Structures are given as C-alpha cells and as structure tokens.
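Please treat every number below as a calculation from the coordinates, not as lab data. As the structure is a prediction and not an experimental result, all values here were calculated from the model. Every residue, glycine among them, receives a Cβ derived from its backbone with ideal geometry; neighbour counts consider all protein chains shown.
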Amino acid sequence: MDFISFLVNGISLGSIYAIIALGYTMVYGIAKMLNFAHGDIIMVGGYLIFTCMNSLSLPPVVCVLIAMAVCTLLGITIERVAYKPLRGAPSLAVLITAIGVSYFLQNMALLIWGSAPKSFNSVVSMEPLRLFDGSLVITGETVVTIVVSAVIMVGLWLFVNKTKIGRAMLAVSEDRGAAQLMGVNVNATISITFAVGSALAAVAGALMCSAYPILQPTTGAMPGIKAFVAAVFGGIGSIPGAMLGGILLGVIENLSKAYISTQLADAIVFAVLIIVLLVKPTGILGKKINVKV
Amino acid sequence: MKKFIAAGLALCMALAMVACGGNTSSSASQAAGGASVTNTDGAIVIKMGGIGPVTGANAVYGEAVKNGAQIAVDEINASDSTVKFEYNFQDDEGDAEKAINAYNNLKDWGMQVLMGTVTTTPCLAVISETEADNMFQITPSASSTDVIVPDNVFQVCFTDPNQGVSAADYIADNGLATKVAAIYDSSDAYSKGIYDAFAAEAEVKGLEIVCAEAFTSDNKTDFKTQLQKAQSEGADLVFLPIYYTEAALILTQADQLGYEPTFFGCDGMDGLLNVKNFDTNLAEGLMLMTPFDATSEDELTANFVKTYEEKFGGTPNQFAADAYDAVYAIRDACVQAGVTSDMSVSDLGDALKVAITEVTMDGLTGSNMTWKATGEVSKAPIVVKIENGAYKQL
C-alpha cells in the first residue's frame, strides 16, 4: 500500500513538473531559446493568486483566471522587452538575458511582497480520498493536479495540431525562415507561444502552491530547474516528451526518496538523466534532425 | 572628432583616479585613527558594523537582526549611557563571498566592533578576517560551534549541539515519546549539527530513533515520503531541527496524510505562527525550544515588541531579540572594559573579549546571561507549547 501511495505522490509531483516543462519545451521548440525566467513566472502567478484570495477575497477559480491573464501579459511583455531585440543575437546572449530576467522577477517579488514566507490557501477544496479503509490517502490536491495536467496536455496537443495558430507554431519551429516566406507572422507566433507558456505557468503556480503551500520569492527557482531537466529528459521541443519527462522525473524522485535515500533523491534523478542522454542524446521522445548543408 | 572623444575619456579617467585617490586616503586616515570619537555630551561613540542577509532567501533573518539592533542602538543613544553607537548594516545575501565584501566596506567606513553575521556559512568566512584584525565580534544568531573557534568571536544564541542535547533530554525526561522520528536538512550545518547531537544524546537516554530522514536545500517542498515513512514506523514524536518555512510545509502535509504525532522543534521553528495566512490549528500541540517569546508579559519584552511593531510593522522574532541583546552585550562589555577614545581596533578587541566574560546581563533572550571565554553563552532554554495559536511556557 505504501508503494502505491509513493507512486501516486510521485505522479502528482511529476504532473506539476510536466506543466512547467510544457512551457519550457514550447518556447524552446519555437523560439529556440531557454527561458530561464519561466520558473519565476510560476512564483509571480502564486503571489497573484495569494493576493487575490486574501486581499480581495475572490473565489479561487476567479483568482486563478486573473493570475493566468496577468502572467500572460507579463510573458508577452518580457518577450517584447527582453528577448525580441535579441532575436538575431547569439543564443548565449539570450540565455544570459533570461537569467537576468529571472533575477529581476525574484527581486521585484521581494520588493512587492517582502521576504517573509507566506502560507498559501489551497485553491482545491476537495476532501482527501481515503481508500482501503484509510490505509491509502490521496489528497484532493493530488487528484486535481493529475486531472488538470492531463486536460492541459490534451488541450495543448489539440491546439498545436488542429488550430491555424498551432500549425503556424509547428511551422516556425521547423524552419523559421521558410515559415516567414510562406506568410506566417513569426513575431506574433513567438508572442503567442510566450502567452500560452506563461498562462500554463500560472496554472502550475496554483497547483504547486496548493500542494506545497509556502510562497517565497525563490519558490519558482528550483521547480523551474527540475522542469527544465524534465523537458530535456523527455526530449526538448516535444510536447508529449515534456509530459512524459515530467512524470517520470517526479516518480523517480519520489521512489528514490522512499526506497533509497531521501537526501540522494536529486543525485539519482540527475544520474538517470545522464544515462538517458548517453543512450539517447535527444531525450526520450526527441527527434533527431539532420541539418543538411 | 575622435580626438575630442579620446581627450574627453582621458579627462574622465583622470578625474576618476583623483576621486579614487581621495577616497582611499580619507578611509586610510580613518582606519589609522581607528579610534572612537567623543561626542558632545561626553559619551564615547563606537562604530559598530552589522552584516546579514537583507535580500535573498534568508532575508527574513537579516531584516529582523538589522531592525532589532537598530532599536537597541536608538535606545542606547537616547539614554545617558557612557558608550554610544554609530551603526552601519551591510547586506551579505547569505553568501560567504559577499559577507567578506561587506566586512571590507565596513572597515573602510571605520568599523570598530562587528555585530554579525546572521547565518552560519557567511559567518565562517568572516571570522577568519576578524581574527586576523583581532576585531571583537558577536554573532546574534550563527549557532554553529565552528564560528566561535577564534577567541574574539562570541554568540548570543545557543550552539547547535547544546540545542540537540537539551531537546533529547527534555523529550526523555518528560516521557514525551518512546519512538522518535527526525526530519532534518542534511545540507544545512545548523540542522545537521542539532540532529547529530540529538541522536547521540537520544542513545544515551534510551530514546529509540525509528526513522531519521534527511532532505537537502534543493529538495525541500515535498515531505510526504519522509512523513509516510515516519508514520509506518509508528513514531509518536517527530523531531524537526529545521526552520519554520519547511516546518509549515511538513505540518500541512502531515495533516493531509492524517498523521498526528507530537512535533518538537528548535529555535528555528520560532516564527511559525507569524507566517502570513498559516492555519495555526495545524501547529496546535507543537513544542519548541525558543529563547524568546514575543507574547511574554515581561516588561522588557513587551516594550521591545511594541517599539518593533510601531517602527517596522510585524511581530519581532528571536533573531530580532538576539540582535537586540547582542548590541546591549557590546555596550555592557565596553562599559565594563572602560574603553577610551584612543584605543585601536585590536586593543578594543583585547579589552572586550576579557570584559564580556565578566558581564552578567538580563536580556530579551534570557536572564542572567553570561559568556564563557570560548564564546559560548550560558542561558536556560525555554520550552513552549503552542496552545490556541499562542506560545504557552512549560
């Protein structure tokens, strides 16, 4: 019974990584850049929900929607101000800028909300499920996290494959120059990618802070890095890959905590990543693209 | 055109160099003087530096120390004390390298004694500097035994082993539990230090540690696995030598799992009830060892809490109280040593490290506080239990 419980917790943690990883992987696939500020948008989303719920006493769903809207705007603004002027610059310059934006967001949060940790009220009001006479307890947050991430995954897949904008994204990710020649507005497509990624970050913020209810300006940093690892693990640029990578990462992390060592959990996760990348350098579901000269 | 620019740049550089030269010479003269000035009402003014993290992840502790010390300085300067302070607090972001920079900045400013640093890691870096300069240093809250190795460094807070031993003794002597679990941060010297001493003492006292689970600073949001292990081992007490941020998560997750042991924390747990929006019902029955109880009706504490709330907003935690006591300890030692305005930093250090062992002080974090020459403070720990959302002294 313990095993099932460890597994369910792992899937729940992994689902959060997966939602964050989706943001990383979409932006990487389309803009070919690592948006290291993504984790901090989660933190901003968390704080926005916290403020809406406690200062304006709005219902949780409305708060999440407001946070999604604000994070979307924030994502688009960051892209316009910090990344767009560097479109032609070497990828290293963009990477450094992204790290700069990440620090900027953390310190802004420090100024606005202060350094004292805040306790987050769960946006989920579901009672925990008690199965097998209470020997297996699954919290409401766990259930909602898993369901929401599955819905997002399906929704995103439909959006990318079935809508015109989504197909434009695929085109830009395949070949930016050719897409532009075919009449795709590359800048608008990249903006939309950032918008979707940031809205997902707000959802991730809501779920993550509900499951682990402490908010600090650095809340988003570590999950952001883990999710980046998940994205690489699954094959960066691939949407199902991010989902798979995230969930596997969460499960491996939790099972190694449970059966090997709580303090070596991270080391084991990264060791698995290295092994996977040695065997399959593009990640589990990553496609190998031959560049023709 | 190019020549103009070149000439302009050269001029700028020349000016900058002159400016730099000016700065160094003025700070050099300050350092060479190295002595306190006497102000108009005849009191000696000591330049006291402070170092701690006021930004970054540990900002909450640094802010508390900065503010707590400010209150003490203001009180002393407004009183008729024969020793007064000029106070300058620098940020170290909780980082060893930045702490050294802060220390050098303060030396340029003319610092004579150091109140800091707040956390252990930067403190370990700074002590080698103060030892070389023989500058008197008192740390309000860096609790590792390693920081008081040099003879010029003193502590206001308990050492980590001291807390671990006291906790094990208290649990065993009061029969709180037979099976104990511990969850600690193995990447943090504070947490690990307490746990090691606790485990050793628990063995002596016959407490059975059924499960000892560590976590690291990179992986400190999900504690369900650790709690589940403690639960299946049947632990009836969970010892948490960690800070309250993680403890709040542990309490929430234990509640979600329906696990209800007694939780027992150390001084890092203080602050839990002030986490904005935290459901204090979760902390009901939690016990902790703390040197400071902000709800105490003791006059000194009540005044301090009132001033703190007026000036900075929010209830002060034990870090603020430790800093307040640190400033008074420096003041008392200065008075005891009879410092004069012509003493160098090193002479001051020699005089103060003897004087502080002769001082007995009633502070916010304990009455009859005394210091050993090793740097360790002697005061009794207070164990409190959280009842109806407030501390109750046991």
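Assorted remarks:
- Only the Cβ atoms of Lys and Arg (+1) and of Asp and Glu (-1) were treated as charged; on that basis the dipole of the range B:295-384 about its Cα centre amounts to roughly 140 debye.
- Taking 7 Å steps out from each Cα toward its Cβ at residue A:4 and residue B:346 produces label points 7.3 nm apart.
- For residue A:33, distant residues with modelled amide H under 5 Å away: A:28
- Across all C-alpha atoms in the range A:213-260, the radius of gyration and Dmax reach 12.2, 32 Å.
- Sequence-distant contacts, meaning Cα pairs under 8 Å at least 6 residues apart, place the relative contact order of chain A at 37 percent.
- Debye log10 I(q)/I(0) at q = 0.14, 0.17, 0.23 Å⁻¹ for the range B:161-290, Cα point scatterers: -0.53, -0.81, -1.58
- Integer Hz, Karplus 6.51/-1.76/1.60 couplings in order for the range A:91-105, x for Gly and Pro: 5, 4, 4, 5, 4, 4, 4, 4, 5, x, 4, 4, 5, 4, 4
- Interchain or long-range residues, amide H under 5 Å from residue B:212's placed H: B:182
- Taken over chain A, the percentage of Cα pairs per 10 Å bin, counting from 0 up to the bin with the maximum distance, is 7, 27, 35, 22, 7, 1, 0.
- The range B:204-279 shape via C-alpha gyration tensor axes, a/c threshold 1.5: prolate
- Per-residue Karplus couplings for the range B:264-273, computed as 6.51 cos²θ - 1.76 cosθ + 1.60 with θ equal to phi - 60°, are listed in order as 10, x, 10, 5, x, 6, 4, x, 4, 6 Hz, Gly and Pro entered as x.
- Considering only the protein assembly as shown, percent of DSSP beta bridges that pair antiparallel, nearest 5: 35
- Straight-distance crosslink candidates among lysines, where the alpha carbon sits under 19 Å from residue B:192 and sequence neighbours closer than 8 are dropped: A:257, B:220
- With both labels modelled 7 Å from their Cα along Cα-to-Cβ, the residue B:357 to residue B:97 distance reads 3.8 nm.
- 3J(HN,Hα) couplings calculated from phi for the range B:150-161 with the Karplus curve 6.51 cos²θ - 1.76 cosθ + 1.60 (θ = phi - 60°) are, in sequence order, x, 7, 9, 10, 10, 10, 9, 8, 5, 6, 4, x Hz; Gly and Pro show x.
- Size-normalised alpha-carbon gyration radius of the protein assembly as shown, reference 2.2 N^0.38 Å: 1.06
- Under 5 Å from the amide H of residue B:262 lie the amide H atoms of B:237, B:238, each residue being 5 or more positions distant or on a separate chain, with H modelled from the backbone and absent for Pro and chain starts.
- Partners for residue A:32 among lysines (Cα-Cα distance below 24 Å; same-chain residues under 8 apart left out): A:84, A:162, A:164, A:226, A:280, A:287, A:288, A:292
- Percent of alpha-carbon pairs separated by more than 21 Å within the range A:116-222: 54
- Average projection area in nm² (convex hull over Cα atoms of chain B, one quarter of hull surface): 23.3
- The range A:191-248 and the range A:87-146 have Cα centres separated by 8 Å.
- Stretching the chain fully between residue B:281 and residue B:203 yields a gain of 24.8 nm (0.36 nm per residue, less the alpha carbon separation).
- Farthest positive-ward along the protein assembly as shown dipole, Cα basis, beta-carbon charges - from A:169, A:41, B:77: A:169
- Each stretch of four or more DSSP H residues adds -39500 (n - 2.57); spread over every residue of the protein assembly as shown, this sum gives -19000 deg cm²/dmol at 222 nm.
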